[in-house]
Amino acid sequence: MELVLVIAASLAAGFIDAIVGGGGLVLVPALFAAYPQAVPATLFGTNKGAAIWGTALAAWRYARHVELRWNSLLPAMGAALAGSALGAWGATMVDARVWRIALPVILLALLIYTLAKKDLGRAHAPLHEGRAEVWRAVAIGGGIGLYDGFFGPGTGSFFVFLFVRLLGYDFLHASASAKLLNTATNAAALTLFAATGHLWWGVAAAMAVANMAGSWMGSHLAISRGAGFVRGVFLVVVSALILKTGWDAALTWSAVFA
């Protein structure tokens with residue numbers, strides 16, 4: 001019964017994640033609910049073992065249907081991979097509670113800004129060319145990759161927002177680009193979890209099939225419906241992230257001052 005629950009959650013997570021990120025909002029709580037006695041690192045590793053396949057499939061589908069700026073994205077993927085590995089190492093040495101408290105505030109600011117700028121991300125009009133775009137894309141990849149390895153919630157949404165705000169992409173192109181970088185950060189995290197034995201291979205394999213099916217449906221819908229649809233889903237996902245991370249921050253705050 002537990003496996004059926006996490007497979008269904010993986011299907012839903014793949015669908016959401018393929019459109020705008022945020023699949024972990026569904027899958028990670030489902031894993032913790034299904035296997036409450038498991039070591040958290042093992043559940044995180046199993047989540048990555050499933051999610052990376054859906055993210056990679058979405059990246060491939062977007063690459064076939066959306067014109068991507070590979071000269072900028074390939075170096076950004078390398079930076080995201082390195083940043084994620086460094087962040088994962090840092091997570092073993094630094095207390096992440098400050099992020100839990102600050103994250104809902106950051107996400108709320110992002111949501112308000114996106115709502116206030118009603119035309120933000122509706123038209124694809126890259127702001128930079130050549131090295132100027134490369135360096136900005138690398139900074140986004142390295143910075144958010146570091147965050148993903150260290151803490152993680154909202155990574156896909158941060159990638160999307162920064163590609164829209166700093167590079168002038170529309171939400172469809174930003175989401176497509178984010179999938180490439182998120183695949184790299186997931187690969188770094190998965191390598192670490194697998195190397196330390198924190199991965200249930202059988203459960204991850206079953207979840208991966210469902211995640212890829214959800215990813216196929218989500219990416220198809222995003223490609224066919226366009227940037228306006230992706231923007232709407234982005235706002236819904238960020239709102240859900242604010243509620244989830246806000247609750248986590250409240251629990252952390254109460255534990256600190258208890």
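None of the figures in this text is laboratory data; all of them are computed from the coordinates on show. Just so it is clear, the model here is predicted, and its values are computed rather than measured. Note that we place each Cβ from the backbone using ideal geometry, even for glycine, and neighbour counts take in every protein chain shown.
Compared with the alpha-carbon gap, the fully stretched path from LEU235 to LEU86 is longer by 50.7 nm at 0.36 nm per residue.
GLU67 to ALA102: extension gain in nm, 0.36 nm per residue of separation minus the Cα-Cα distance?
Taking 0.36 nm per residue and subtracting the Cα distance, the gain is 9.1 nm.
FRET efficiency for the pair HIS124 and ALA38, taken as 1/(1 + (r/R0)^6) with r the Cβ-Cβ distance and R0 = 41 Å, rounds to 0.45.
Can you give the relative contact order of the chain as a percent, counting alpha carbon pairs under 8 Å and 6+ residues apart?
Details: 456 pairs, mean separation 100.1, N = 258.
Computed over the chain, the figure is 39 percent.
A straight Cα-to-Cα reach below 19 Å connects LYS179 with the lysines LYS48, residues fewer than 8 places away in its own chain not being considered. The calculated pair-distance distribution of the range 2-256 uses every alpha carbon pair, bins of 10 angstrom beginning at 0, and gives 8, 33, 40, 17, 3, 0 percent.
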